[in-house]
Structures are given as structure tokens and as C-alpha cells.
Amino acid sequence: MDAAKQDREGPDAVRIGDWTYFPDLLKLQRGMEEVKLEPLVGHLLLFLSQHAGHPVSREDLLAAIWPDRVVGDEALSSAVNKLRRAFADDRRNPGYLETIPKVGYRLIATVQQPVPRPGPAATPERPGGGRAETGHRRMRFPAFLSVGVLFAIALAVLRPWSSDGPSVLERVTGDRSPSAVVKAPRLLVLPFINLGQDPKQQYLADGIVEDLITDLSRIESIRVLARSTSFQYKDKPVDPKQLAAEFGISHLIEGSVRRSGDALAVTARLIDTGTAQNVWSQRYDQAMAGSFVVQEDLVRSIAKALSVDQRDEQKNRIGSRPANSFEVYDLYLKGREVLSLRTPEANRQAQDYYRQAILLDPEFSRAYGGIAVALTRYANKGWSETPDVERDLALQYANKAIELDPDSPYAYWSLGFTHLYRHENLEAAEAARKALSLAPGYADGMSLLAMIQNYSGKPEEAIELIKEAIIINPLYSWDYLFNLGWAHYTLGEYRQAVKYLKLALERNQYATYARLVLAASHVALKEPGEAQWQVDEVLSYHTNMSIAFLGRETPIDLSSERIQRYLSDLRTAGVPED
């Protein structure tokens with residue numbers, strides 16, 4: 001290589017086969033031919049180049065490309081397929097990237113120049129531009145940006161609305177109706193701080209907050225913001241008056257958790273956002289032995305501090321039956337934590353934690369609900385060789401959860417989720433409505449029922465539910481937008497559908513079903529090129545996607561004329577029949 005050419009390529013350029021890759025430009029070049037790569041695809045190529053000729057497992061690739069986030073296998077499959085398309089590589093007779101069944105991938109093209117560990121200038125931004133089902137956007141900014149500019153950008157990411165402009169709901173849906181205004185006291189439970197020496201104990205603090213949010217949502221005379229909004233403020237300073245102005249929050253709840261040996265200390269306080277003063281505070285010291293009553297005491301004390309009118313029947317509905325020991329509750333929280341990882345191994349581990357909890361406390365309802373959800377996911381994700389067995393067991397566990405705690409919204413949520421993936425949509429909707437009757441402010445229940453109604457071809461109720469859920473969960477996740485888009489598609493409001501679905505994909509580019517509904521919307525708008533592009537994206541990583549797959553593996557109601565129209569539009573867009 002002559003000196004001029006070497007200088008042009010720079011020390012970090014990588015020769016791969018007959019292509020040259022420029023990491024700082026995210027560009028492949030071969031003669032006059034150039035191909036731009038997405039940041040995560042470029043990062044994948046660099047990592048594979050560093051291990052050229054050697055198999056790299058899917059697990060190692062996921063850890064390298066998404067080090068701080070949990071994403072599904074479809075994210076990696078999509079990146080691999082985009083890399084193959086960039087090289088115009090043949091999957092069956094590859095010249096660059098080889099698939100090793102049940103292992104991972106190997107870069108088989110010759111790498112003619114060693115790949116140094118890329119520095120800040122050469123490393124493409126690790127994926128954060130799109131959101132997976134769990135995880136938040138990570139952003140890098142040039143050094144010349146001022147602190148003030150960075151703060152403005154952060155606010156724009158975290159809150160796509162301003163306090164002096166339209167309301168949260170109006171900015172999303174355009175709805176100015178009086179019913180969209182919630183006059184009840186609005187609470188935000190901030191993530192509790194883990195004061196223990198072991199950072200792995202964070203799941204305990206997070207779990208207490210999640211259960212506190214669910215239990216407070218049962219009180220009809222208040223509104224508590226949802227978990228996904230709450231956890232946006234993890235490890236971030238907050239200004240009570242600013243939150244009051246932005247979201248109409250009247251009170252904050254903050255606290256800490258410290259586990260030491262066989263003892264647990266939980267502190268909590270209630271803050272009036274108008275004055276930034278404490279309204280109530282309490283410390284709980286809980287031994288490992290004995291019934292775990294911290295949650296129930298927290299909810300009742302907060303309700304009393306807010307002067308909630310607790311009628312006799314409502315008193316019985318505040319809080320769930322506690323576990324008979326902290327050990328049981330701890331196992332339940334561990335199960336919930338690993339279940340969120342969405343891998344078959346984590347799912348099996350979650351099932352084990354829930355079963356251990358049930359062995360120690362056969363009357364702890366939440367553990368039964370948890371294992372019902374885990375078994376349903378295990379069957380639905382295709383991880384089980386006996387999915388019908390798992391689905392039947394899940395139904396038994398969900399019904400047992402309700403038998404043990406008939407006033408638990410989470411138990412009914414679990415039952416609704418279980419029925420849905422048994423293709424029992426009517427029963428699923430009934431259970432979700434029961435959850436909402438027990439907890440009028442239960443955002444997860446609203447989201448589940450909206451999804452059930454969309455799968456059933458009944459969009460009107462789905463839209464109203466999502467509007468209400470957005471008020472409770474102003475930093476809402478991508479699936480709210482997906483459900484809005486799907487509902488508008490079903491109603492024939494295709495431009496509205498496209499708007500919401502594109503917003504959903506901005507937050508989660510691997511949302512397969514958002515892409516499918518978007519493709520169907522483009523078909524209805526007579527935009528075949530746009531529709532085909534969306535289908536091609538899905539098929540690049542979901543290679544077994546078909547009309548038959550949708551009818552078999554997703555809980556769509558095939559008897560609905562609206563669902564049949566959706567499947568017809570997908571056929572036109574290019575989704576294969578089987």
C-alpha cells in the first residue's frame with residue numbers, strides 16, 4: 001500500500017476481503033462503490049473483525065454490542081442480516097459471514113490489517129438510537145456542547161412536551177376533552193436508593209417500589225404514575241416544583257432500602273411538591289423471620305397522610321396479602337428480576353425462584369401469578385417442546401393466585417395475560433377489566449386490556465384506555481404508541497396509524513408487530529413500496545414470519561372481519577402465506 005493511500009485510509013481502516021471499512025465514517029468502500037452502515041452494524045463488524053476466523057457466540061455478540069441493555073435475539077439477527085446485505089453476501093454460500101448453527105457467527109473473509117481497539121474517535125456509537133422492549137436511550141455528544149445544551153437535550157429526550165404548552169395527552173393524541181384531565185392527587189414514587197454494600201441488592205429496592213406503585217393504584221381517589229415513568233428518574237436529581245409544573249404531580253414518595261445480614265431497613269417519606277416539604281416519613285425495620293408487612297404498612301400510612309377516605313370495603317382492598325417471611329418475598333422479587341431478561345435460561349430461573357417461594361409459603365398469591373406469566377412467556381416464545389403443557393399449568397397457577405387473593409389486581413392481570421396467549425380473548429378481557437375494577441389507576445392493566453382489544457379487532461376501547469394510561473404514565477413506552485397506531489389502522493384512520501407507528505419504531509426499531517401494522521397501513525394508503533420495505537425489514541430477522549405464523553402464534557381473533565382485513569393487507573405487502 002502506498003503512503004498516500006495509507007494516509008487516506010487512516011490507521012483504523014480495516015481491510016475485509018475486497019472491501020475497506022472506515023469506522024469513523026461508518027462506511028464500507030470497494031473501488032467507487034460505497035455502503036453506509038448503521039452504528040450498531042458497524043460495531044458488530046468491528047467486533048467480528050477482531051475475532052476473524054473464529055466462531056463468536058450469540059451471547060458474546062449481544063454482550064459486546066448491547067453491554068448495558070437486554071435485547072432479544074431478533075435485534076442481533078437484524079444487525080447480522082443488514083451486514084450481509086451490505087456485503088451482498090449469500091447466506092447459503094457465504095464469502096464473508098458464516099452462520100454456525102446453535103453457536104453464533106464467524107467472519108470468514110480475510111482481514112488484511114489488524115484491528116486495534118478503537119478509541120473514542122473511531123468507535124461508532126453503541127446502539128442506543130433505538131429502544132428495545134426494555135432499556136433507555138444512551139447518547140454521546142461532542143465535547144463542544146455546553147452543559148446547558150446537554151441539559152436541554154436531556155429534557156427533550158425525557159419529556160416530549162412542555163409545561164406551558166399542551167397537556168401530555170393532547171401532545172400525543174390531540175385530545176382536549178375534559179375527561180382527559182385527572183383531578184385526583186397525583187403521586188410519583190421515585191426509585192428507592194439501595195444503601196446496602198452489595199449493588200446486586202438493587203432488585204430489592206426496585207421490587208418494593210414496583211409493588212408500592214401497584215398497591216397504591218388500588219386507591220380510587222388518587223393517581224400514581226406508572227413504573228416506567230418512575231424509573232426514568234433512577235439515579236437522577238429531581239426538583240419537586242418542576243415535576244409539579246410538568247406533570248401535575250402533587251406528591252413525591254422517595255426512600256431507601258438497606259439489607260444487612262438477617263435484617264432489612266426501609267425508610268420512606270412523602271413530599272408535597274408545592275412546598276417541597278415532608279408530609280410524612282417512616283422507618284421500618286424488618287427481620288427475615290415473620291410476615292413481610294412493610295408493603296401493607298407503607299400503603300396504609302401514605303393513604304392516611306393524604307387524608308384518603310377509606311371506607312370499610314376499600315380498607316380491605318388496600319395492599320395484598322403479605323408473604324409469611326422476608327425470604328419468600330425476596331425469592332419472588334428475584335424471580336421478577338430475572339424474568340425481565342427475556343431469555344429461556346432466565347425464564348427457567350424465574351420459574352425456580354417462584355416455585356421456591358411457593359414451597360415456603362403456599363398461600364403467597366403473587367408467586368403464583370409470577371409463575372403463570374413465566375410459563376406463558378416460555379410457551380409463547382417457542383422455548384418449550386410442550387407449549388400446551390406450559391399453557392395449561394399457567395392457567396392453573398393464575399387461577400390459584402386469584403383463589404388466594406381475590407382482590408389482587410396483579411393476580412387478575414396474570415390471568416388475563418395467560419388467557420390471551422391461550423387465544424381466549426374474551427376471558428382475557430374479562431380478567432383485565434376485573435384488574436382495573438380493583439385498581440382504577442393500574443396503567444399496566446389498561447395497557448393489557450388495550451392490547452387484548454386490538455388483537456380482537458375492537459379498537460375504540462383500546463384508544464380510550466391508552467389515553468387514560470398516558471395520563472398515568474406520561475413517560476410512556478413504545479407499546480402505547482403501537483397500540484394507538486394499531487387501533488387507528490383498524491378504524492381505517494391510516495394516516496394517524498402511520499404517525500403513531502413510526503413514533504413507536506423510533507423508540508424500538510425491533511418492534512416486529514409495529515412494523516407489520518405499519519406495512520398494512522401503507523397498503524391501505526396504496527403505498528406499496530413503503531409497505532414492502534417494512535416487510536423486508538421484518539423478514540430480515542424474523543425469517544419464519546408468515547400469515548400462518550400470525551394465526552398460530554399470536555392471539556389475533558381470526559373470526560374478526562377487521563383482523564381478516566389486516567391479514568389481507570399483510571399478504572399484499574409481501575408477508576408469505578406459510
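The values are calculated or read from the model by the stated rules, or taken from the named source; none is laboratory data. Computed from a predicted model, the values in this text were never measured in an experiment. Backbone-built Cβ (ideal geometry, glycine too); neighbour counts: all protein chains shown.
General observations
- Qualifying residue in the range 51-62 (condition: surrounded by 13 or more Cβ atoms within 10 Å (Cβ to Cβ), at pLDDT below 80 and either of a type outside the set (Gly, Ala, Ser) or not in a strand (DSSP E or B) (or both)): no
- Scanning the range 534-574 for residues that are surrounded by 14 or more Cβ atoms within 10 Å (Cβ to Cβ), under 25 Å from the mean Cα position of the chain (by Cα) and farther than 19 Å from Ile452 by Cα yields a total of 11.
- Single residue of the range 30-43 satisfying the filter (aliphatic (A, V, I, L, M) and modelled with pLDDT under 85) that is farthest from Leu76 (Cα to Cα): Met32
- Verdict on Asn508 being under 21 Å from Arg433 (Cβ atoms) and either more than 20 Å from the chain's Cα centre (by Cα) or among the polar types (S, T, N, Q) (or both): no
- Checking Asp239 against (1) crowded, with 16+ Cβ neighbours inside 10 Å; (2) over 22 Å from Asp211 (Cα atoms); (3) among the acidic types (Asp, Glu), the condition it does not meet: (1)
- Qualifying residue in the range 253-260 (condition: under 27 Å from the mean Cα position of the chain (by Cα), modelled with pLDDT of 85 or more and exposed (fewer than 13 other Cβ atoms within 10 Å of the Cβ)): no
- Any hit, the range 218-231, residues being surrounded by fewer than 17 Cβ atoms within 10 Å (Cβ to Cβ), closer than 27 Å to Asp444 by Cα, of a type in the set (Ser, Thr, Tyr) and at pLDDT 85 or above: no
- Residue within the range 525-543 that is closer than 20 Å to Ser447 by Cβ and touching a residue at least 12 places away in the same chain (Cβ under 8 Å) present: no
- Candidates in the range 498-533 are the residues that are of a type in the set (Gly, Ala, Ser) and buried (at least 23 other Cβ atoms within 10 Å of the Cβ); of these, the one that is modelled with the lowest pLDDT is Ala511.
- Qualifying residue in the range 248-266 (condition: more than 24 Å from Ala443 (Cβ to Cβ) and among the acidic types (Asp, Glu)): yes
Every residue, every condition in (1) buried (at least 19 other Cβ atoms within 10 Å of the Cβ); (2) assigned to a strand (DSSP E or B); (3) at pLDDT 85 or above; (4) over 20 Å from the mean Cα position of the chain (by Cα), yes or no:
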site	(1), (2), (3), (4)
Leu28	yes, yes, yes, yes
Arg69	no, no, no, no
Glu74	no, no, no, no
Ser78	yes, no, no, no
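- Pro344 falls short on exactly one of the conditions (1) crowded, with 17+ Cβ neighbours inside 10 Å; (2) farther than 17 Å from Pro322 by Cα; (3) not charged (D, E, K, R), and that condition is (1).
- In the set (1) crowded, with 16+ Cβ neighbours inside 10 Å; (2) within 27 Å of the chain's Cα centre (by Cα); (3) under 28 Å from Ser340 (Cα atoms), Phe292 fails one condition alone, (2).
- Residue check, Tyr480 of a type in the set (Phe, Trp, Tyr) and outside any helix (DSSP H, G or I): no
- No other residue among Val266, Val182 is crowded, with 22+ Cβ neighbours inside 10 Å, of a type in the set (Val, Ile, Thr) and either in contact with a strand residue (DSSP E or B) (Cβ under 8 Å, 6 or more places away or on another chain) or at pLDDT 85 or above (or both) apart from Val266.
For every residue, the table says whether it meets (1) crowded, with 24+ Cβ neighbours inside 10 Å; (2) over 24 Å from Leu558 (Cβ atoms); (3) at pLDDT 95 or above.
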{"position": "Leu415", "(1), (2), (3)": "yes, no, yes"}
{"position": "Thr418", "(1), (2), (3)": "yes, no, yes"}
{"position": "Glu424", "(1), (2), (3)": "no, no, yes"}
{"position": "Glu427", "(1), (2), (3)": "no, no, yes"}
{"position": "Ala431", "(1), (2), (3)": "yes, no, yes"}
{"position": "Leu438", "(1), (2), (3)": "no, yes, no"}
{"position": "Gly445", "(1), (2), (3)": "yes, yes, no"}
{"position": "Ser456", "(1), (2), (3)": "no, no, no"}
{"position": "Ile463", "(1), (2), (3)": "no, no, no"}
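- Considering only residues in the range 347-373 that are of a type in the set (Phe, Trp, Tyr) and farther than 17 Å from Ser408 by Cα, the one that is surrounded by the fewest Cβ atoms within 10 Å (Cβ to Cβ) turns out to be Tyr353.
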